[in-house]
Amino acid sequence: MKKRLNGFLGLGVLMASFCIVLASCSKSKDPNAQLNAELKVIDDYLTTNSFDYTEILYSEVPVGIITLGGGPQPLKGQTVKLYYTVRLFPSGTLVKNDSLVDVVVDNITDAGLASVAIIPAGSTATVFVPSPHAYGSTGDATLGVPPNTSLTYDIYLADVKRTADQETQFQTDQSRIQSYVDTVKGPPVVKLQNGVWVQTNIDGTGATPKLYDYVSFQYKGYVLTTNSQFDSQTLTTIPLLNLIEGLRQGMPNMREGGSATFYIPSLYAYGTTGTSSIPANAPLIFKITLNGINK
């Protein structure tokens, strides 16, 4: 299964922000000629080779998600543990095997490894890196990388760790949510492994969304500590990947046509910054009706 999400949009209060690096423009010569030529070769390869994956274009680097893990995606300031193998593309010649252990995700500058920012812990992925984002027109003789050569990275994201401050706030939010849900009536509220809580109000009968699907839904959002509503919208054909972390983790527990209430710790919402209508370190409530899923 091939699915391409080209970049990420900031859409409404729910959306997470992604930084996409764009190449500069030149009137005299197309600075992207080499990049575009290599991307075409990569795209042709992905089109003609049949295997089950989801393709995402992350900062001009195609990422093929092979196995989707069930853990959290890395957030700013968090450390990751990952294992990777680099090969020349398309020959498959081995360049190196290596790992990163307890490295802050923000500090990863290697274009192939930086893509872990969009995959959950436990995932495996193959990342296709054109030479302008690798060793360029000079290559690297020490590693045996010729000039203008694309690379592949086979990556396993083994673990993601919160910072000490994030962990303290997370536990505070869990206590707040626990106290709140103890007063909630109706169907049981279940705490998911990732720390998001969910109350299924209406069981849907359709499909379950996956992280890289597009979803259409209605929602109302509330600040848990004050029970004040901060937003209400209907969104259509939105990449689930672009939503806040709490909904990325929570909505795959719904079925199309169903409705649910999510109780989300601030770490998986708007964190220490908040927004104009959401205080910093505020756990949130989202009441959602899932209207549709586009694969």
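The values are calculated or read from the model by the stated rules, or taken from the named source; none is laboratory data. Computed from a prediction, not measured in an experiment: that's the story for all the values here. Here the Cβ is made from the backbone with ideal geometry for all residues, glycine too, and neighbour counts use every protein chain on show.
Structure notes:
- Scope region 192-221; condition touching a helix residue (DSSP H, G or I) at 6+ places or on another chain (Cβ under 8 Å) and of a type in the set (D, E, K, R); matching residues: 210, 213
- Being under 21 Å from residue 158 (Cβ atoms) and assigned to a loop (DSSP other than H, G, I, E, B) holds for only one residue in 136, 122, and it is 122.
- Per-region count, region 205-260, residues among the polar types (S, T, N, Q) and part of a loop (DSSP other than H, G, I, E, B): 5
This table checks each residue for (1) modelled with pLDDT under 80; (2) in a loop (DSSP other than H, G, I, E, B).
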position	(1), (2)
22	yes, yes
25	yes, yes
35	no, no
39	no, no
45	no, no
56	yes, no
64	no, no
69	no, yes
72	no, yes
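- Test: residue in region 171-192 that is exposed (fewer than 12 other Cβ atoms within 10 Å of the Cβ), in contact (Cβ under 8 Å) with a residue 24 or more places away in the chain and of a type in the set (Ser, Thr, Tyr): no
- From the options 95, 86, residue that is surrounded by 15 or more Cβ atoms within 10 Å (Cβ to Cβ), free of Cβ contacts under 8 Å to residues at least 60 places away in the same chain, more than 15 Å from the chain's Cα centre (by Cα) and under 20 Å from residue 145 (Cβ atoms): 95
- Every residue from region 134-170 that is free of Cβ contacts under 8 Å to residues at least 12 places away in the same chain, surrounded by 14 or more Cβ atoms within 10 Å (Cβ to Cβ) and either within 30 Å of residue 203 (Cβ to Cβ) or not charged (D, E, K, R) (or both): 139
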